[in-house]
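Input: a single structure, listed below in structure tokens.
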Amino acid sequence: MKQLRKILFYFFLSLYVFLCPLTILYALGYLYRPGSETGIVKTGVIHLATSPSGATVYVGGKRFTGKTPATLHNLLPGPYPVKIVLRNHRPWSKTVSVESEKATVFDRILLTPSSWKHRVLLAGPFREMTALPDTRLLLLKRGPKVKDLFLYDWRWQKLRRLLPARSLFGAARVLDHTLMRGSSRILLHVDFRGAEKFLWLDPRKKGPRVEDVTLLFPAKPRHVEWDPRLKGLIFSVEDQNLSRLEILTKSVEPNFLKDLRGFGLFDREVYFLASDRTFRKVDPEGKNEELLLGDSTLSRSLFAGKYYQVKGLSKELFVFLGEGGELLASRLPYRFVEKGVLGMEFEPQGKRLLLWTSEKVGVLDFSEESGGREIFEKGPGLRWIFEGGRRIEQAFWVYEGSHIVFREGDRVFLLEGEGSGESSALPLVQVRDGSSVYYSEESGQLYYLEHPSGRLASIEILPSREILPLPEL
């Protein structure tokens, strides 16, 4: 009996001496790797978060006990096939590479439903739909006249005419309209009794308020902008000159800036390319001018085109869109696309610019910084994540930049933001031909006009409970 107790004592002592260090190492993130590369190695982590949440996770064919959001600890370095499954949704799968002492994070996995649910909002029918960007308003068009224009508030689900049917300008024929990001005001270009007029509307006012500002536009403008925070001010380019218009006083300063090569408003300041192609800024009163790019040799080599729209992305980052779709930026190598760019959407959190041509959708990543070791400094990377299109006209960031919705003609598609040029686009819906669509990150809905009925409808792309509130603009 004494001999047995001694054997058991030494057995458990040996077990303790062997297992205790392994337990401590496991707690610290180390594991013993068997096989040809035997030894103790540092482990890694995989974190998975989905929208909707509550999905089942499979790693290497084995089911993980928890649901998403889930964190998988103590994984040996190497590739792992990961599959995520949720009822009535398409499965998500990817081979995930785990590295020692690192967490591999997929925190914006969008699980798409097996079939999209369409919701009719208004019977219509409507011919066209245009969103007032970064507002909750949609401009709907039933016919060619001003009285056929309606505003729909998608948050409160309310519809009203842009102007009363018996308004003085109700029978005017709409020629064009100008909208500005973050602003509810609308500049209408109309044909009123055989004469072209410009109308300035503020739908927030009861009525709503409409002003005839035709006298402020001696000629049809080439480029019009206003900043919602500069109340009552419009800046308009006719030929190569910039005019400063004051709505309240009905006054115009026709030569606010002369011989421009480009112009844009950002953060309540006027940025412009001068006649000598230097890049400058000035305040709205025409004072405190500051030179931002004075190297004439560089500026002439960059801005060889006739005119550029200047887009401020931040105080230190600007992009320039030429008339033929040439895209330049204030980052090396400066010129990113030679021609064909139709539009852009900036995602400030990730410092990424979504851009598109009629054939391709791309992402320009300004978050990539040079490591400082290269002989030739690297600039931001441009990746074409979808190619082979024919008539791409719109694109939107979805789920904080993890996905992209784009419209090609009358078809709308969903695309992963980290894809490559061969990425497959998931079809969403067919829309009324000639009408635009709008995706709101705040509501998680895609708004569109149905084909062929013209009814206003929506699809939920991002479940509402997963949405982070957007800041007020």
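The values are calculated or read from the model by the stated rules, or taken from the named source; none is laboratory data. Keep in mind the model is a prediction, meaning the values are calculated, not measured. Methodologically, a virtual Cβ is constructed for each residue, glycine included, from the backbone with ideal geometry; neighbour enumeration extends over all protein chains shown.
Of the residues making up region 168-226, those that are within 25 Å of the chain's Cα centre (by Cα) and either aliphatic (A, V, I, L, M) or in a loop (DSSP other than H, G, I, E, B) (or both) number 11. Just give me the residues in region 381-411 being of a type in the set (G, A, S), more than 19 Å from L110 (Cβ to Cβ) and modelled with pLDDT under 95, in sequence order. If the condition is that a residue be of a type in the set (G, A, S), more than 19 Å from L110 (Cβ to Cβ) and modelled with pLDDT under 95, then G381, G388, G389 are the ones that fit. Applying the set (1) surrounded by 14 or more Cβ atoms within 10 Å (Cβ to Cβ); (2) over 25 Å from G312 (Cβ atoms); (3) of a type in the set (D, E, K, R) to R222 leaves exactly one unmet item: (2).
When you scan region 91-121, how many residues do you find that are in contact (Cβ under 8 Å) with a residue 40 or more places away in the chain, more than 22 Å from the chain's Cα centre (by Cα) and under 23 Å from G61 (Cα atoms)? Looking only at that region, the number is 8. The condition (being of a type in the set (F, W, Y) and closer than 20 Å to K339 by Cβ) is satisfied by just one residue among Y307, Y271: Y307. So, in region 417-436, how many residues would count as being part of a loop (DSSP other than H, G, I, E, B), more than 17 Å from L151 (Cβ to Cβ) and modelled with pLDDT of 95 or more? Number satisfying all stated conditions: 1.
Show me the strands (runs of 3 or more DSSP E) found entirely inside region 247-332 where at least 1 residues are among the β-branched types (V, I, T) and within 30 Å of W356 (Cβ to Cβ).
On the way: elements: 251-257, 262-266, 269-273, 279-282, 290-293, 308-314, 317-322, 327-329.
The qualifying strands (runs of 3 or more DSSP E) are 269-273, 308-314, 317-322.
For region 437-451, check the following and say yes or no: at least one residue is over 29 Å from L86 (Cβ atoms), at pLDDT 95 or above and within 15 Å of the chain's Cα centre (by Cα). Can you show your working first?
Applying the first criterion (over 29 Å from L86 (Cβ atoms)) to region 437-451 yields 449, 451.
From what's left, at pLDDT 95 or above: 449, 451.
Now drop any that are not within 15 Å of the chain's Cα centre (by Cα), which leaves none.
No; the residues of region 437-451 include none that is over 29 Å from L86 (Cβ atoms), at pLDDT 95 or above and within 15 Å of the chain's Cα centre (by Cα).
Just one of the listed residues (G312, G262, G286) is within 27 Å of the chain's Cα centre (by Cα), within 24 Å of P221 (Cβ to Cβ) and surrounded by fewer than 19 Cβ atoms within 10 Å (Cβ to Cβ), and it is G312. In region 239-247, is there at least one residue being within 27 Å of the chain's Cα centre (by Cα) and either surrounded by fewer than 20 Cβ atoms within 10 Å (Cβ to Cβ) or under 24 Å from L364 (Cα atoms) (or both)? No, the conditions are met nowhere in region 239-247.
Within the option set L245, L273, being of a type in the set (A, V, I, L, M), touching a helix residue (DSSP H, G or I) at 6+ places or on another chain (Cβ under 6 Å) and either in contact (Cβ under 8 Å) with a residue 24 or more places away in the chain or within 27 Å of L201 (Cβ to Cβ) (or both) holds for one residue only, L245.
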